[in-house]
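This report refers to the structure that appears directly beneath it.
The values are calculated or read from the model by the stated rules, or taken from the named source; none is laboratory data. What you are looking at is a predicted structure, and each value in this text was computed from that prediction instead of being measured. Every residue, glycine among them, receives a Cβ derived from its backbone with ideal geometry; neighbour counts consider all protein chains shown. All accessible areas refer to the heavy atoms of the entire protein, side chains included, with ligands and DNA or RNA removed. Shrake-Rupley method; radii C 1.70, N 1.55, O 1.52, S 1.80 Å.
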Amino acid sequence: MLFFDFLYYFIYRFYSVYYEKNPESLSAAIIGVFYTMNSMSVLFIYIILSKKPILISTLLAISLFIIFQVYTYIRYLLCEKNSIQSIEKKWSNKTVTQKSYIKVLLLLYSCLSIISCLGLAIYLGASRHD
């Protein structure tokens with residue numbers, strides 16, 4: 001989970017510059033969105049590989065979204081061990097090489113998560129109309 005902690009930290013740093021009103025909460029919400037997109041991507045891949053016509057309801061997507069939002073809110077805003085100060089301390093203990101490696105991984109993960117979820121959703125939607 002340290003990977004997501006660092007992602008939360010970098011989102012927080014970005015929004016603390018541009019969005020001064022409660023960037024901790026916004027960052028936790030964005031992490032929850034990433035969790036939801038990853039879960040939906042796994043479900044989409046399962047549907048594609050199994051070739052079973054499984055209907056994904058809006059209720060399922062909203063339920064996953066709410067579950068992950070509550071989880072990330074509790075994890076990052078209510079638990080002291082995952083506070084910004086705690087994550088910042090973990091980050092400062094990393095070497096320069098480790099920091100640059102982690103930054104690249106975070107960027108790749110973010111782009112891949114967004115592209116895969118949207119791409120798979122579009123593919124499934126288009127294949128159902130064939």
Lysines whose Cα lies under 21 Å from that of K81, excluding same-chain neighbours fewer than 8 positions away: K89, K90, K94, K99
Column: log10 I(q)/I(0), Debye, Cα scatterers of the range 13-111, q = 0.22, 0.24 Å⁻¹: -1.23, -1.31
Sites C79 and I114 - FRET efficiency at Förster radius 22 Å, r taken between beta-carbons, to 0.05: 0.25
Probe 1.4 Å - accessible area at T58, Å² to nearest ten: 100
Accessible area per residue in Å² at 1.4 Å probe, computed on the range 11-130: 68
Stretch in the chain that is longest and holds no trypsin sites (Lys or Arg not before Pro) that DSSP places in a loop and that have at most 15 other beta carbons within 10 Å: 52-93
Farthest toward positive dipole pole in the chain [+1 Lys/Arg, -1 Asp/Glu at C-beta], among V104, F44, I54: V104
Theoretical ellipticity at 222 nm over the chain - DSSP helices of four or more residues, -39500 (n - 2.57) apiece, nearest 500: -27500 deg cm²/dmol
